[in-house]
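Accompanying notes for the structure given below.
The values are calculated or read from the model by the stated rules, or taken from the named source; none is laboratory data. Everything numeric here is computed off the predicted structure, so don't read it as measured data. Cβ placement follows ideal geometry from the backbone for every residue including glycine, while neighbour counts extend to all protein chains displayed. Surface accessibility is based on the protein's heavy atoms, side chains included, excluding ligands, DNA and RNA. Shrake-Rupley method; radii C 1.70, N 1.55, O 1.52, S 1.80 Å.
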Amino acid sequence: FPQTAKAVLACGVPATEIFFASMKPHTDIKLHSDFTNFVLTSHLAVDIPESGKNKCRLSVGDDVREWINGEVMLFDTSIMHDAINESDQMRYILMFRVWHPDLTEVEKNALQLIYDCLEYPDLLSEDASIREAAEVEIEKVRTFPKLKTVSSGFGSGGSGSNKGGGKKKNKKKGKR
């Protein structure tokens, strides 16, 4: 995965998160929203069973699209969306989350701080040594794997729901 992340970032993708996601055969992810419109989500179809036969689909609002091997979709997950794999095989995508292009650097930094504090409450400690330890932990998470050029991330996504057989794999983050 480090080579994949490095290649994505070298292409100039302003990713906050990059990971492979799989979806088991004959499963679905129910209609939901993540209520987050300050990042956009992109899917690169890596291995889509029966690609082009409409067996693996994503619905965002009223728009329904099928994953096609090698093609990319970009969408706003604050809009109600769902997914389905009606094939007999596992579906694999490379998922990117990118900052919304209308955000300023100040807004990105403020949002990043909020997420960091939610994941590492010790950042708010009055004890300087505890705050410093939390900052060291964040730096470790963002720099693994060590890449020459990395992007800033907004959270680990660990609290999100992943119902219906979808699975996130090999999630890596970095910061600029």
Exercise for the section: Having 1 or more residues that are closer than 27 Å to TYR115 by Cβ and within 14 Å of the chain's Cα centre (by Cα) is the bar; report the strands (runs of 3 or more DSSP E) wholly within segment 1-92 that clear it. Expected result: 15-23, 39-47, 72-75
Fill in the blank from the handout: Checked pairs for segment 84-112, first among the aromatic types (Phe, Trp, Tyr), second open to solvent by less than 20 Å² (accessible area, probe 1.4 Å) and at pLDDT 90 or above, C-beta under 7 Å and 6 or more apart or across chains, list as TYR92/SER22; PHE96/SER42; TRP99/VAL39
Problem - Meets criteria (in contact (Cβ under 8 Å) with a residue 12 or more places away in the chain, of a type in the set (Gly, Ala, Ser) and out of contact with any Phe, Trp or Tyr (no Cβ under 7 Å at 6 or more places or on another chain)) for SER42 - result: no
Handout entry: Answer from SER125, SER87, SER151 - the residue that is modelled with pLDDT of 90 or more, among the polar types (S, T, N, Q), farther than 18 Å from CYS56 by Cα and open to solvent by less than 80 Å² (accessible area, probe 1.4 Å)
Key = SER125
